[in-house]
1. Among the candidates 53, 74, 24, which residue alone is loosely packed, with under 15 Cβ neighbours inside 10 Å and touching a residue at least 24 places away in the same chain (Cβ under 8 Å)?
2. For residue 44, are the conditions met, namely being in contact (Cβ under 8 Å) with a residue 60 or more places away in the chain, more than 16 Å from the chain's Cα centre (by Cα) and either at positive phi or open to solvent by 30 Å² or more (accessible area, probe 1.4 Å) (or both)?
3. Restricting attention to the range 98-114, report how many residues are open to solvent by less than 10 Å² (accessible area, probe 1.4 Å) and of a type outside the set (Gly, Ala, Ser).
4. Among the residues in the range 507-520, are any under 20 Å from residue 569 (Cβ atoms), crowded, with 18+ Cβ neighbours inside 10 Å and free of Cβ contacts under 8 Å to residues at least 60 places away in the same chain?
5. Taking the options 403, 441, 462, name whichever one is over 26 Å from residue 555 (Cβ atoms) and either among the small types (Gly, Ala, Ser) or in contact (Cβ under 8 Å) with a residue 24 or more places away in the chain (or both).
6. From the set of residues in the range 600-612 that are open to solvent by 60 Å² or more (accessible area, probe 1.4 Å), assigned to a helix (DSSP H, G or I) and out of contact with any Asp or Glu (no Cβ under 9 Å at 6 or more places or on another chain), which is nearest to residue 62 (Cα to Cα)?
7. I'd like to check something: does the range 569-579 contain any residue that is surrounded by 15 or more Cβ atoms within 10 Å (Cβ to Cβ) and in a loop (DSSP other than H, G, I, E, B)?
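The values are calculated or read from the model by the stated rules, or taken from the named source; none is laboratory data. None of these values were measured; they are calculated from a predicted model. All Cβ positions, even for glycine, are placed from backbone atoms using ideal geometry, and neighbour counts span all protein chains on display. Note: accessible area is taken over every heavy atom of the protein model, side chains too, but ligands, DNA and RNA are not part of it. Shrake-Rupley method; radii C 1.70, N 1.55, O 1.52, S 1.80 Å.
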Amino acid sequence: MGEKQRKLLVLYASQTGNALDAAERIGREAERRGCPASIVSTDEFDPSSLPHEESVVFVVSTTGQGDSPDSFKEFWRFLLQRNLGNSWLQRVRFAVFGLGDSGYQKYNFVAKKLDKRLLDLGATTIVEKGLGDDQHPSGYEATLDPWMLSLWSTLYQINPKYFPKGPDVMIPQDELTDQPKYRILYHKQETLEPELMAESADIIERARGMSPGKLSKDKTKPDCFLKMIKNEVLTKAGSTKDVRHFEFQFVSSSIKYEVGDVVELLPSQDSSAIDAFIKRCHLDPESFITVCPRETVNNGSCGEVITHHVPIKLKTFVELTMDVTSASPRRYFFEVMSFYATAELEKERLQYFASAEGRDDLYNYNQKERKSVLEVLEDFSSVQMPFEWLVQLVPSLKPRAFSISSSPLAHPGQVHLTVSVVSWITPSYPYKRTRKGLCSSWLASLTPEQEINIPIWFHKGSLPAPPQSLPLILVGPGTGCAPFRGFIAERAVQAQTSPIAPVMFFFGCRNKDTDFLYKDFWESHAREGGMLSEVKGGGFYTAFSRDQPKKVYVQHRILEMRKKVWDLLCDGAAVYVAGSSTKMPCDVMSALEEIVMEETGGSKEMASRWLKALEKAGRYNVEAWS
């Protein structure tokens, strides 16, 4: 046993692909030091076999409100079983690396609770858990780089068999040791004609089903298509924001949804940019391809994959799966580019960018400027990367998620969205450029006359649809008001036939005259007999932060209404908080803590426990987005 080459298992749980990226990097760095590594998603690993592993590295991300990625949920449930006991993992050594955002209250919550649970089950840590932070100028890599060096040296001390030549000896990087993980097969067009009649939903499913960016259990076929029927600007002249109200109707079949649900929408990329990318990479847009994992090719089973994946036009594949116009490439992209650069200066610069020393300069050039893949390829014109590498390394085109602002009862056959059109100016002088959010600016450019079919997927968000008998305290500044427009519209319909519980709504924005979203809607419901009227036990409260010298926010209004808020909580009300600020949910929680302390005479800890119990009972729900 002692003589056997040691192997490292890297288990990851990723929601958007960052944890997968970090896991692959750890695996690559281990292999460059001579230690074989296998990289497996937690939903594709049998947790009952964990005690038989010798060394495991976990890479887990935490989403906004402390939630774990979908791919981690089953694995975590297994680890929580009471019968496992505190010596179940006594032979296992582990290390945890977390990816999170310190702007949120439950920063790296998943990594912290996994680390604790593994210790409880008898496992031993190799190194202290690493916590990557999105808020750091260089992102999670600022923590990952030093954490990995510590991991390698500690593993070597535990057993030199991990790195037969030592933890610092790297396989020479004069040539690219890695193989692309995907293989592109090209097909003769004449054999494919009947396939071209496929429905657009099938084409999307076909392209995204072959894409490396697909996280294992993703649904690739859209639930349905929507067609825009209204594009209205909600903000007034003088506002610093451009917020739109969009209305869509279902194309062909309707899908049932509930208030509080989230819709994911696949944006279209600028066709001239797609053409420029294809031209820059010397690709044939009209060729037909299938993409399959290299190991299936090597195992001779690619034939089976091909029967499963019908060929697709290369240009369509790029348009539907590869984000060439808005997402910045990863560090590994620059490393692989360096092997294909023929101009010496470009090669040196790319090698520097890919090194630990060049990390901050790469950040300033790439992420800070939000360079797109197309721009990077244009900056390094001597690089000719094979399409296999591009398919693997170009960030995948991701659907964008929005809270639904309509009610299926009040708006049958329709879906409404409230969207802030994202744009910003890049920081670097003299190249300051305006950047636009891919999805929001595309939606803003659409008109109902174009009759474009938009592919969408429905999801449950973190705001469960409330029964009409449940009193509500809603807090939704800015576009955070979106789901609550649906809540109120739904209750207005329900109120026609049966009694409904009271609703208090706290809305905030910068200026009353320019940013008061859905002003008429809220005010009509705050009037006599409306859903937000005092008569019905509710209320509508506004905080216009910039309309007076001292800034006023929703949490200040909550404190002003402390008596009524407390009475409603005692009547069994649920609290719903939504909005785009990372700080706002914490401030609202603090305001409520203060009210609980005051009304009960208890301590801060007691008030915090009281609100946590509310959360556990499903009566405190938060949906925040960065």
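1. Numbers: 53 fails: loosely packed, with under 15 Cβ neighbours inside 10 Å; 24 fails: loosely packed, with under 15 Cβ neighbours inside 10 Å.
Result of the check over 53, 74, 24: 74.
2. Working: in contact (Cβ under 8 Å) with a residue 60 or more places away in the chain: yes; more than 16 Å from the chain's Cα centre (by Cα): yes; either at positive phi or open to solvent by 30 Å² or more (accessible area, probe 1.4 Å) (or both): yes.
Against the criterion (in contact (Cβ under 8 Å) with a residue 60 or more places away in the chain, more than 16 Å from the chain's Cα centre (by Cα) and either at positive phi or open to solvent by 30 Å² or more (accessible area, probe 1.4 Å) (or both)), residue 44 qualifies.
3. Summing the residues that are open to solvent by less than 10 Å² (accessible area, probe 1.4 Å) and of a type outside the set (Gly, Ala, Ser) in the range 98-114 gives 3.
4. Step one: filter the range 507-520 for residues under 20 Å from residue 569 (Cβ atoms), giving 507.
Narrowing further to those that are crowded, with 18+ Cβ neighbours inside 10 Å: 507.
Now drop any that are not free of Cβ contacts under 8 Å to residues at least 60 places away in the same chain, which leaves 507.
Yes: the range 507-520 contains one or more residues that are under 20 Å from residue 569 (Cβ atoms), crowded, with 18+ Cβ neighbours inside 10 Å and free of Cβ contacts under 8 Å to residues at least 60 places away in the same chain.
5. Details: 403 fails: over 26 Å from residue 555 (Cβ atoms); 462 fails: over 26 Å from residue 555 (Cβ atoms).
Testing whether each residue is over 26 Å from residue 555 (Cβ atoms) and either among the small types (Gly, Ala, Ser) or in contact (Cβ under 8 Å) with a residue 24 or more places away in the chain (or both) leaves just 441.
6. So in the range 600-612, the residues open to solvent by 60 Å² or more (accessible area, probe 1.4 Å) come out as 600-601, 604-605, 609-610, 612.
Filter once more, so that each one left must be assigned to a helix (DSSP H, G or I): 600, 604-605, 609-610, 612.
Next cut, out of contact with any Asp or Glu (no Cβ under 9 Å at 6 or more places or on another chain) only: 600, 605, 609, 612.
Details: 600: 34, 605: 25, 609: 22, 612: 19 Å.
So, considering only residues that are open to solvent by 60 Å² or more (accessible area, probe 1.4 Å), assigned to a helix (DSSP H, G or I) and out of contact with any Asp or Glu (no Cβ under 9 Å at 6 or more places or on another chain), the one nearest to residue 62 (Cα to Cα) is 612.
7. The first filter runs over the range 569-579 and keeps only residues surrounded by 15 or more Cβ atoms within 10 Å (Cβ to Cβ), leaving 569, 573-579.
The next check asks that each one be in a loop (DSSP other than H, G, I, E, B); those that pass are 573.
Among the residues of the range 569-579, at least one is surrounded by 15 or more Cβ atoms within 10 Å (Cβ to Cβ) and in a loop (DSSP other than H, G, I, E, B), which makes the answer yes.
Here is a yes/no grid of residues against (1) within 30 Å of residue 294 (Cα to Cα); (2) open to solvent by less than 10 Å² (accessible area, probe 1.4 Å); (3) touching a Lys or Arg at 6+ places or on another chain (Cβ under 9 Å); (4) not hydroxyl-bearing (Ser, Thr, Tyr):
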site	(1), (2), (3), (4)
392	yes, no, yes, yes
397	yes, yes, yes, yes
402	no, no, no, yes
405	no, yes, yes, no
408	no, no, yes, yes
413	no, no, no, yes
419	no, yes, yes, yes
426	no, yes, yes, no
